[in-house]
Number of protein chains: 2
Amino acid sequence: MKPKPTDAELEILNILWQDEPKTVREVHDLLKAKAVGYTTILKQLQVMKEKGLVKRDESKRSHSYYSLISQEQAQITMLDHILDKVFNGSKSALFMRALSAKPSSKEELAEIKALLENMELG
Amino acid sequence: MKPKPTDAELEILNILWQDEPKTVREVHDLLKAKAVGYTTILKQLQVMKEKGLVKRDESKRSHSYYSLISQEQAQITMLDHILDKVFNGSKSALFMRALSAKPSSKEELAEIKALLENMELG
DNA sequence: ATTAAACTACGATGACAATCGTTGACAAAC
DNA sequence: GTTTGTCAACGATTGTCATCGTAGTTTAAT
């Protein structure tokens with residue numbers, strides 16, 4: 001099983017998920033709002049490679065990085081984690097919080113309702 | 001704003017939320033399955049006090065600890081966090097994952113549906 | 001009062017996360 | 001072909017998390 005990515009790792013993964021592959025420089029440019037050094041990104045990608053979260057294409061001059069964990073996997077991993085840690089495994093409690101925390105848009109409510117309809121057919 | 005509790009801190013908070021206040025020894029006894037030392041729990045509670053996650057009643061011989069963050073707050077904090085980090089702020093994406101990840105029981109589906117009904121009235 | 005038990009405080013450690021600077025290799029430009 | 005700039009590797013640093021051992025303090029029992 002893939003490890004749970006750290007917050008900084010997730011920021012990088014989000015960039016990769018959006019458009020792969022990317023070089024260190026490209027990731028760094030996209031994260032420049034964070035004002036973090038080039039070598040920091042490089043190191044983070046190296047660590048992530050160690051963990052099996054990304055792979056590297058070294059055929060070119062600038063190495064390119066691909067994610068090895070999908071956004072779906074990461075989402076499920078994160079959800080399972082907080083479900084276990086703060087919601088005592090109660091999915092409905094999680095839904096309640098998600099629904100009441102910040103008001104959802106009508107569109108979102110409609111989407112969610114549609115999901116539920118499909119669910120009940122199964 | 002309260003900081004996001006760490007995993008170990010959440011284990012302790014879960015115990016406090018269930019029944020407050022508790023002494024170090026009481027928390028330790030309840031966590032003995034984890035085989036962690038008494039002083040570890042003590043230290044953790046001290047750190048949590050520094051962070052403002054708990055408060056301490058020192059009037060008695062054995063100090064008693066109270067949570068200063070509610071389970072609700074913690075749940076919302078955690079949800080907001082992963083919503084931001086892995087779901088790009090899309091609540092419906094979160095719902096989709098939560099619904100499809102592990103099968104929900106019929107009871108849970110019913111509960112969630114009821115929540116939605118109430119929601120739409122507002 | 002003296003001691004034994006229970007409890008807290010403090011410091012230390014090892015692991016991991018996040019950050020950066022320096023060095024050395026390579027390639028492009030002159 | 002020498003210089004200049006770009007890039008990855010590596011090591012070092014700082015901070016946080018999780019854990020524990022020791023020392024000191026307070027209560028209670030003798």
message: Can you find, within the stretch A:42-55, the residue that is farthest from the other protein chains (Cβ to nearest Cβ) among those that are open to solvent by less than 40 Å² (accessible area, probe 1.4 Å) and more than 11 Å from DNA strand C (Cβ to nearest atom)?
response: A:G52
- request: Please name all residue pairs, on different chains or six or more residues apart, with Cβ atoms under 9 Å, provided the first residue is in the stretch A:36-60 and is touching a residue at least 12 places away in the same chain (Cβ under 8 Å) and of a type in the set (A, V, I, L, M) and the second residue is open to solvent by 80 Å² or more (accessible area, probe 1.4 Å) and not in a loop (DSSP other than H, G, I, E, B).
  value: A:I41/A:R25
- prompt: Is there a residue being open to solvent by less than 70 Å² (accessible area, probe 1.4 Å) and either touching a residue at least 24 places away in the same chain (Cβ under 8 Å) or of a type in the set (D, E) (or both) anywhere in the stretch B:82-100?
  reply: no
- request: Residues being within 11 Å of DNA strand D (Cβ to nearest atom) and either surrounded by fewer than 17 Cβ atoms within 10 Å (Cβ to Cβ) or within 14 Å of chain B (Cβ to nearest Cβ) (or both): count how many of those fall in the stretch A:27-41.
  value: 5
message: Restricting to the stretch B:2-13, and then to whatever is closer than 12 Å to B:V54 by Cα and within 10 Å of the chain's Cα centre (by Cα), can you tell me which residue is surrounded by the most Cβ atoms within 10 Å (Cβ to Cβ)?
response: B:I12
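The values are calculated or read from the model by the stated rules, or taken from the named source; none is laboratory data. Note that the structure is predicted; figures quoted are calculated from it, not measured. Neighbour counts are summed over all protein chains in view; Cβ atoms, including those assigned to glycine, are modelled from backbone coordinates with ideal geometry. Heads up: the accessible areas ignore ligands, DNA and RNA and are worked out on the full protein's heavy atoms, side chains in. Shrake-Rupley method; radii C 1.70, N 1.55, O 1.52, S 1.80 Å.
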